[in-house]
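**Q** This is the structure I have questions about; it appears just below.
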């Protein structure tokens, strides 16, 4: 078949156009090749802001064929975190290039500002280059300047403090820092008390919804809280206030002593004695107490004999023999008149018998002494008749059949303690749990033997573990 001239020309033109398109696609996005290319010798670098000077290399693939300069563009949130040589001006570093050389450098030094302000990231990229020099593969470099400051621990300086109700200047306690605060921060204190804020006492700074916010400035080494009791000219029990550091922000973190117990002692009428003072009165023979009052929190529940109640304050614990129908329960805050009560040993445990008069003041949380078995065995007298929690131990007799009723050995593999559940406890028929447990109870030491009396089934908890993902 013969192709007409017009059609033949059209066909040839179409083929030629296709070849041009193919050639165009093959050359698009290709830079004109240069005899010499420049690039960074590394993609990234990280160092602390207090490390000092670092040298950054740029290398040519071949020695420079002429004098000139390499211009680097510097991009950073703030240029005050570093200095360079040559200097960075208007976001650029200009590095002289000498003919015949292939290695060029600039210096960067971080600024140690002694401020907690996080990591700073700087990006350097190749800008204009000398004639005949193109950009190599590594055209950018990221430098991370890591903050060498970290939040410091904040904790109460002491565990307890008291002030008389009629003290006009009140009292102040400090939260101290392990080092000067590297940045501004805020401490959040939470407090609990059956006393009424604004009626029985006030604080400085003032509290908002049972919370105190302490503003801390950079460089501070402590923060102070003032407590000012109200002298009401009437007899009340001592007022206990428990403080806890709930949160810390900025240059601070919670560390050290995170709880604090403050007592406003009554100045009208009867004098309240510390439980530790009552305990210290006993030597060998029973003592009849006269005009003695204690205030504390009931920490016993079902695992004590009828009429026996354990009371604890910030200084210690003491079992009392009350009428069997006392109706007190765990967490009750009570004022107890020990007048004519007998301080004596009963089955090796110091208690006060024949207590007839007490007053429930409200409800309040109680402190738990969290200890390991090693710590408890080393100093058992310090927590006699107090609430203790043992962690990281297991029951030796956990076979899936034996119950909690009776004496059950709790061990950490080296030391042990007897967990005793009496027949009047309401959880004695529960099975002994296997595995690691945390056990909370009232601790007593009798003739060198250690016992722990849990008061509720919730006092015996299996430890929970979370799987850690890589």
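**Q** Failed condition for residue 459, given (1) more than 19 Å from residue 384 (Cα to Cα); (2) in contact (Cβ under 8 Å) with a residue 12 or more places away in the chain, with all others met?
**A** (1)
**Q** Let me ask you something else. Give the number of residues within the stretch 264-292 that are surrounded by fewer than 22 Cβ atoms within 10 Å (Cβ to Cβ), modelled with pLDDT of 85 or more and over 16 Å from residue 384 (Cα atoms).
**A** Number satisfying all stated conditions: 9.
**Q** Can you name the residue in the stretch 219-249 that is under 20 Å from the mean Cα position of the chain (by Cα) and in a loop (DSSP other than H, G, I, E, B) and is also surrounded by the most Cβ atoms within 10 Å (Cβ to Cβ) among such residues?
**A** The residue in question is 220.
**Q** Residue by residue through the stretch 59-101, note down the ones that are over 43 Å from the mean Cα position of the chain (by Cα), within 20 Å of residue 140 (Cβ to Cβ) and in a loop (DSSP other than H, G, I, E, B).
**A** Listed by number, the residues that qualify are 61, 86, 90.
**Q** Is it the case that some residue within the stretch 443-461 is modelled with pLDDT under 95 and over 30 Å from residue 345 (Cα atoms)?
**A** yes
**Q** Restricting attention to the stretch 87-109, does a residue exist that is on the phi < 0 side of the Ramachandran plot and modelled with pLDDT under 90?
**A** no
**Q** Within the stretch 209-218, count every residue that is exposed (fewer than 14 other Cβ atoms within 10 Å of the Cβ) and not in a loop (DSSP other than H, G, I, E, B).
**A** Number satisfying all stated conditions: 3.
**Q** So, in the stretch 295-347, of the ones that are assigned to a strand (DSSP E or B) and out of contact with any strand residue (DSSP E or B) (no Cβ under 6 Å at 6 or more places or on another chain), which residue ends up nearest to residue 277 (Cα to Cα)? Steps first, answer last, please.
**A** Within the stretch 295-347, the subset assigned to a strand (DSSP E or B) is 295-298, 308-313, 316-321, 332-337, 342-346.
Retained after the next criterion (residues that are out of contact with any strand residue (DSSP E or B) (no Cβ under 6 Å at 6 or more places or on another chain)): 316, 344-346.
Working: 316: 9, 344: 14, 345: 16, 346: 19 Å.
That would be 316.
**Q** Could you count how many residues in the stretch 414-440 are in contact with a helix residue (DSSP H, G or I) (Cβ under 9 Å, 6 or more places away or on another chain) and more than 14 Å from residue 454 (Cβ to Cβ)?
**A** Within the stretch 414-440, residues that are in contact with a helix residue (DSSP H, G or I) (Cβ under 9 Å, 6 or more places away or on another chain) and more than 14 Å from residue 454 (Cβ to Cβ) number 3.
**Q** While we're here: Name the residue that is nearest to the chain's Cα centre (by Cα), counting only residues in the stretch 250-280 that are in a loop (DSSP other than H, G, I, E, B) and either in the same structural domain as residue 294 (by TED's automatic domain parsing) or under 18 Å from residue 294 (Cβ atoms) (or both).
**A** The residue in question is 274.
**Q** If you don't mind, another one. Being touching a residue at least 40 places away in the same chain (Cβ under 8 Å) and surrounded by fewer than 15 Cβ atoms within 10 Å (Cβ to Cβ) is the filter; apply it to the stretch 74-88 and report the residue that is nearest to residue 127 (Cα to Cα).
**A** Restricting attention to the stretch 74-88, the residues satisfying the condition of being touching a residue at least 40 places away in the same chain (Cβ under 8 Å) are 74-78, 81-82.
Cutting the leftovers down to surrounded by fewer than 15 Cβ atoms within 10 Å (Cβ to Cβ) gives us 75, 77-78.
Working: 75: 12, 77: 19, 78: 20 Å.
Looking at the filtered set, the residue picked out is 75.
**Q** Still on this structure, please answer the following. So, in the stretch 374-386, of the ones that are touching a strand residue (DSSP E or B) at 6+ places or on another chain (Cβ under 6 Å) and not in a loop (DSSP other than H, G, I, E, B), which residue ends up nearest to residue 300 (Cα to Cα)?
**A** For the stretch 374-386, the residue satisfying everything is 386.
**Q** Same structure, new question: Within the stretch 195-208, is there a residue that is more than 23 Å from residue 251 (Cβ to Cβ), crowded, with 17+ Cβ neighbours inside 10 Å and at pLDDT below 90?
**A** Looking for residues that are more than 23 Å from residue 251 (Cβ to Cβ), crowded, with 17+ Cβ neighbours inside 10 Å and at pLDDT below 90, one finds at least one in the stretch 195-208, hence yes.
**Q** Regarding residue 206, is this residue outside the structural domain of residue 51 (by TED's automatic domain parsing), touching a strand residue (DSSP E or B) at 6+ places or on another chain (Cβ under 9 Å) and in contact (Cβ under 8 Å) with a residue 40 or more places away in the chain?
**A** no
**Q** Sticking with this one: Give the number of residues within the stretch 102-146 that are in a loop (DSSP other than H, G, I, E, B) and closer than 30 Å to residue 217 by Cβ.
**A** Residues that pass the stated criteria total 9.
**Q** Something else now. For the condition assigned by TED's automatic domain parsing to the domain that holds residue 117, surrounded by 12 or more Cβ atoms within 10 Å (Cβ to Cβ), over 15 Å from residue 39 (Cα atoms) and without any contact (Cβ under 8 Å) to a residue 40 or more places away in the chain, what is the one hit in 68, 91?
**A** Answer to the check: 91.
**Q** Let me ask something additional. Working carefully through the options 106, 177, 156, find the one that is over 31 Å from the mean Cα position of the chain (by Cα), buried (at least 19 other Cβ atoms within 10 Å of the Cβ) and touching a residue at least 40 places away in the same chain (Cβ under 8 Å).
**A** The unique qualifying residue is 106.
**Q** Go through (1) touching a residue at least 24 places away in the same chain (Cβ under 8 Å); (2) surrounded by 14 or more Cβ atoms within 10 Å (Cβ to Cβ); (3) not assigned by TED's automatic domain parsing to the domain that holds residue 297 one by one and return the number of the condition residue 351 breaks.
**A** Only one criterion is unmet by residue 351, namely (3).
The values are calculated or read from the model by the stated rules, or taken from the named source; none is laboratory data. Treat the numbers as computed from the prediction; the structure is a model and nothing was measured. As a convention, Cβ positions derive from the backbone with ideal geometry for all residues, glycine included, and neighbour counts pool all protein chains shown.
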